[in-house]
Every structure is written in structure tokens, then in C-alpha cells.
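The values are calculated or read from the model by the stated rules, or taken from the named source; none is laboratory data. A quick note: this is a predicted structure, and the numbers were derived from the prediction, not measured. Every residue, glycine as well, gets a Cβ built from its backbone with ideal geometry; the counts of neighbours run over all protein chains shown.
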Amino acid sequence: MKINTNPQKIDEILFRSVSEIFPSKDKLRKKLLSGDQLKIYIGADPNGKQLHLGHSTNFILLEKLRRLGHKVFVLFGDFTARLGDPTDKLEPRKMLTREEIEKNMKGWKSQISNILKFNGSNSAKIVKNNKWISKMKMEDIINLSSNFTVQQIIKRDIFKQRLKNEKDIYLNEFLYPILQGYDSVVLDVDLEIGGTDQTFNMMIGRTLQKRYNNREKFVITTTLLENPITGKKLMNKSEGNYIGLNDNPKDMFGKTMALPDKIIIQLFIDCTFILLEEIKIIEEKLKLPYINPRDQKMKLAFEIVKIYHGEKKAQEAQEDFINAFQKGGLPKDLPKWLVVSGANSSTEAVRAGLVDSNSKFRRLIKEGGVKDMESGKKITKINFPLNENKIYKVGKHKFWKVVIKK
């Protein structure tokens, strides 16, 4: 396949959503301009059921490189997921079973297939590291480990914190980055993409690729989605604040509209395929006093939903949002939730997927975040009775129609 060496397209890739490039941006640019087909991958341990918008940045970048004609892989760490990546973890990760990992992998492929093309010419490929790591002998592991010292491994920030806090570091956690780095050797890659939190692991692979295959391996670290006001991760699964890649269109649209205005441009850059030229025009518009940021955020929400659900569903989600939130109406085709008479409202709200826990639902009520749409009044009672055909608004963008089972 002919490689696209258009300098403008290459610069768009290298200057967008990129934090750092090793050994340098100039060297990688020169390599991309050479016309050689590169082998590029993202490594991902399937340690959860759902990916969120923060994960999309890497896959969008990988898809852009695939469109230039390069050979791209998504490596599922079905072996390394059982070890557990210690990144950002003050406690060891829970070890997953093979069944859990297999289930997660299927779900992840389904979610990222809306970004990456897995069929047709020059399609993206899935590879799994259990295929080679499970076959390694003790001699192989010892030889691989001999490329690094204990001092090099404990320089990792998370291990420094553990030692400072007198927390345990398990030997399998020491082995994790080395085995993950070995993926680069087996695949014999030219480039790896990952978030800044994966820099240590990717650089281990860079060292091993040089020593085993005598080849340069480039590393791109991508920007993380952060709240510009608090500096915290914008997509936080532990706090329930995230946009899942398999969220339904209405939830995806509504959650995007609920994000801070100051994050609009970064989300356009990191989470959509819109060209930088157009994003710059949107950025200039947002500086004008008569422009409502809501309108630009609506365009953002439309573009995000379109990637994962198509243009028709994005249009429906937008119309639904306008009707429910700008015109004071209700969404179309409001789903019914069947409950038994006298059911606990908090428990049913969790079952319906409106909140993650009973405590979060109770907190929403205390904060005035649950409303009876018929009376227009806020619910103040913690365990309020669920009445026939009542419609409740839960949080900023979810509606709940209750039907009592006969």
C-alpha cells in the first residue's frame, strides 16, 4: 500500500494530542515523510468492562496513522492484565481471571471498532501477548530481566510513593513493565502510542527493542483529559464521572453538554476527527462576547456521538436534548422502568443505571438533584414512594419514568 507522506497531514498528527515524542518529534517526522510503512501499536490491558472518552485519544491517533497507510495493531495484554499494571496504584491491582479478561476484550474491541477500522484493506489487527509470554521459560524471563537493575525499576514514581508510605511492592509488579516491554520486541515495532501515565512502561520497551532487534522504537505520549479548573482527570470512573464509549447516544450527548465550557477545545482536539483548522475557527468564535459556548458544545456533543453511533443517532440525541433542556420538554421515547409497589427508590435508581450507588442517589436528593416533572418540585425525601407513570429527572440529564408492575 502506498504511504501518504503529505507534510500537512503528518504535522496535524504530530502536533495534536501529543505530550512528548521520544527520541524527538523531528526524527519521527522525518521517518513518516520517508514513505516507509511503519509498524505501530497501542498496548491495552483489558482490566475493566468499559472504556471512556479519555481512552479514545490514543485510538483516534492510531486510526489517523492507519489512514496514512501504516500497519497498526491493538495489543490486548491478556497475560499482563493478570499481573496488573501498578501505574498510579498505591495498592496492588486485583488479579483478574482468564474468563474476566476474555469478556473484557470482546467488549473493548466492540467499543474501539467505532474508531478503528478492523476490516477491509490495511485494517487494524488485534494481537494478544499471552500467545508469547505464556510460552516463555524461566531462562527467558531471567535473561529478559537481566537488562534492568532494581534501582532502575524503583525509580518509577509509583514505587517511590509505595516505599515512602511503607507499602508493599510485589515481585510480579517489578516484572510487569519488563514483560510489557517485551511486546515491542516480539512485534518488532517502529512506534508505540500511550498516555503519559504509560511513559515508563513504553520506555522499557524502547530499551529492549534496541538491545534485542537493534532498532529504534519511537514513543508518543498523548495528553490526558483534565479539568482545567481543578486539574483532576476529566474522566474518573472511580467517581462515576465519565463518558463511556458504549454509552447510549442520549447519555453521551447529555454528559458532554454537562462538561465545563473551558474543556470544549481540548475535547475537539483529543476526541474528534475534526481538522485543526476548523477547531481554530471554533476557538476564535468562543472569544466573541455574543457567542454562547453552549452552541459550540452542542457541535462537540454531536461530533462525539456521531463517531460511536452514526449521524442519524447523533441528530436524534441533539433534538432530544434541545427538547428536554432548552424547550423545557421531555425526551422522546422515554423508557419505562417497571417496579413492584413499595420498591425502594434508591435501590431501583441503581438498578435502572441512573446512578452508581445508593449513597450517590441519596446525595443527589440532598443536593436537590432529583425532581418530580409533574409538579416541578424537587424531591426532598430520601426514600420517596415511586408512583405510577411518574416521571422524575435525576441529575442534569437523565429522566426516569416509573411504571408499577400489576
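Scanning region 40-50 for residues that are of a type outside the set (Gly, Ala, Ser) and at pLDDT below 95 yields ASP45, PRO46, ASN47, LYS49, GLN50. I'm trying to understand the selection: among the residues of region 218-232, which are in contact with a helix residue (DSSP H, G or I) (Cβ under 8 Å, 6 or more places away or on another chain) and part of a loop (DSSP other than H, G, I, E, B)? Listed by number, the residues that qualify are THR223, LEU224, LEU225, ASN227, PRO228, ILE229.
Each residue in region 243-300 was checked for being more than 25 Å from VAL18 (Cα to Cα) and among the β-branched types (Val, Ile, Thr), and 1 pass.
Which of the residues that make up region 195-209 are of a type in the set (D, E, K, R) and over 16 Å from ILE40 (Cα atoms)? Give the derivation first.
Our first condition is that a residue be of a type in the set (D, E, K, R); within region 195-209, this holds for 197, 206.
The one that is of a type in the set (D, E, K, R) and over 16 Å from ILE40 (Cα atoms): ASP197.
Among the candidates ASP190, ASP251, single out the residue that is closer than 30 Å to SER359 by Cβ and either crowded, with 22+ Cβ neighbours inside 10 Å or not polar (S, T, N, Q) (or both).
Working: ASP190 fails: closer than 30 Å to SER359 by Cβ.
That would be ASP251, the only listed residue that is closer than 30 Å to SER359 by Cβ and either crowded, with 22+ Cβ neighbours inside 10 Å or not polar (S, T, N, Q) (or both).
Would you point out the residue of region 267-277, among those that are surrounded by 18 or more Cβ atoms within 10 Å (Cβ to Cβ) and closer than 27 Å to ALA324 by Cβ, that is farthest from the chain's Cα centre (by Cα)? My answer is PHE268. When you check SER184 against the structure, is it within 30 Å of LYS64 (Cβ to Cβ), touching a helix residue (DSSP H, G or I) at 6+ places or on another chain (Cβ under 9 Å) and small (Gly, Ala, Ser), yes or no? The answer is yes for SER184. Just a yes or no: is a residue in region 102-125 part of a loop (DSSP other than H, G, I, E, B), aliphatic (A, V, I, L, M), free of Cβ contacts under 8 Å to residues at least 24 places away in the same chain and in the same structural domain as LEU208 (by TED's automatic domain parsing)? No.
Screening PHE200 with (1) farther than 20 Å from LYS25 by Cα; (2) surrounded by fewer than 21 Cβ atoms within 10 Å (Cβ to Cβ); (3) touching a residue at least 12 places away in the same chain (Cβ under 8 Å); (4) aromatic (Phe, Trp, Tyr) gives one miss only, at (1).
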